[in-house]
Amino acid sequence: MIEGFPDVPIRDCGEISHQFLENGIRTFHEACLSVRYFAYGRPSEPYNIPVVLKEKKGTCSGKHALIASLANELNIPVKLVVGMYKMSEENTPGVGKVLDDTEYSYIPEAHVFLMYEGKKFDFTRESTPISGSKTEYDAVSEIYPDEIGTRRQVLHRDYLANWAGMDHLEYIWNLRERCIKAISS
């Protein structure tokens, strides 16, 4: 049971629900918890949402887009949200070994999570609290699952350009990519 998050039986009403059922997952809560235990990292096709379930691997973006897609098929009013936070070793263990070699103690990172009835839910990984995280987010925006590879990236790159300046955007983006690689399993 995930306190405060809706649970319904999964019915075969679309591509995503069908795939969960084929994997023996019968309820929305079971789907959320199974996604939480998928490996953290980019699947072979990061913006192809069904691939996350097929490969049992994803980042916060893919995992939450998969759950939001299932919620949409089941008519559960879950929102997919992207927020910017100050990614540092303190709140994202593993990135310190990358950032320590730079002048930055943190860099802005986009984190994707779910909202239901005003409460945040995060199924990124086993070590991430499902709800009640104290992480503060700036520039929070609702997106749709099919925007995970487009609008999410535009929001993030625009935020970074405003933070570091256009002339440093690619450097910061590449630094971010090194951080993501450092925390991937």
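Do the conditions hold for GLU142, that is, is it in contact (Cβ under 8 Å) with a residue 40 or more places away in the chain, assigned to a loop (DSSP other than H, G, I, E, B) and exposed (fewer than 15 other Cβ atoms within 10 Å of the Cβ)? It is false that GLU142 is in contact (Cβ under 8 Å) with a residue 40 or more places away in the chain, assigned to a loop (DSSP other than H, G, I, E, B) and exposed (fewer than 15 other Cβ atoms within 10 Å of the Cβ). If the condition is being loosely packed, with under 14 Cβ neighbours inside 10 Å and either acidic (Asp, Glu) or assigned by TED's automatic domain parsing to the domain that holds SER61 (or both), then region 147-180 contributes ASP158, ASP167, GLU170, GLU177. Return yes when THR124 is more than 20 Å from TYR37 (Cα to Cα) and surrounded by 15 or more Cβ atoms within 10 Å (Cβ to Cβ) and no when it is not. So THR124 does not fit the description; no.
Residues that are touching a Gly at 6+ places or on another chain (Cβ under 9 Å) and aliphatic (A, V, I, L, M) number at least 3 in the following helices (runs of 4 or more DSSP H) confined to region 1-116: 49-55, 60-73. The condition of being at pLDDT 95 or above and of a type outside the set (Phe, Trp, Tyr) holds for GLU170.
Taking TRP163, is it among the aromatic types (Phe, Trp, Tyr), within 19 Å of GLY62 (Cβ to Cβ) and either at pLDDT 95 or above or over 14 Å from the mean Cα position of the chain (by Cα) (or both)? No. Screening CYS60, CYS13, CYS32 for residues that are over 14 Å from the mean Cα position of the chain (by Cα) and not polar (S, T, N, Q) leaves exactly one candidate, CYS13. Just one of the listed residues (ARG152, ARG125) is touching a residue at least 40 places away in the same chain (Cβ under 8 Å), touching a Phe, Trp or Tyr at 6+ places or on another chain (Cβ under 6 Å) and basic (Lys, Arg), and it is ARG125. The single condition from (1) modelled with pLDDT of 95 or more; (2) touching a strand residue (DSSP E or B) at 6+ places or on another chain (Cβ under 8 Å); (3) closer than 19 Å to ILE148 by Cβ that GLU55 fails is (2).
The values are calculated or read from the model by the stated rules, or taken from the named source; none is laboratory data. In this text the structure is predicted, and so the values were computed from the model without any measurement. With ideal geometry, Cβ positions are generated from the backbone for all residues, glycine too; neighbour counts draw on all protein chains shown.
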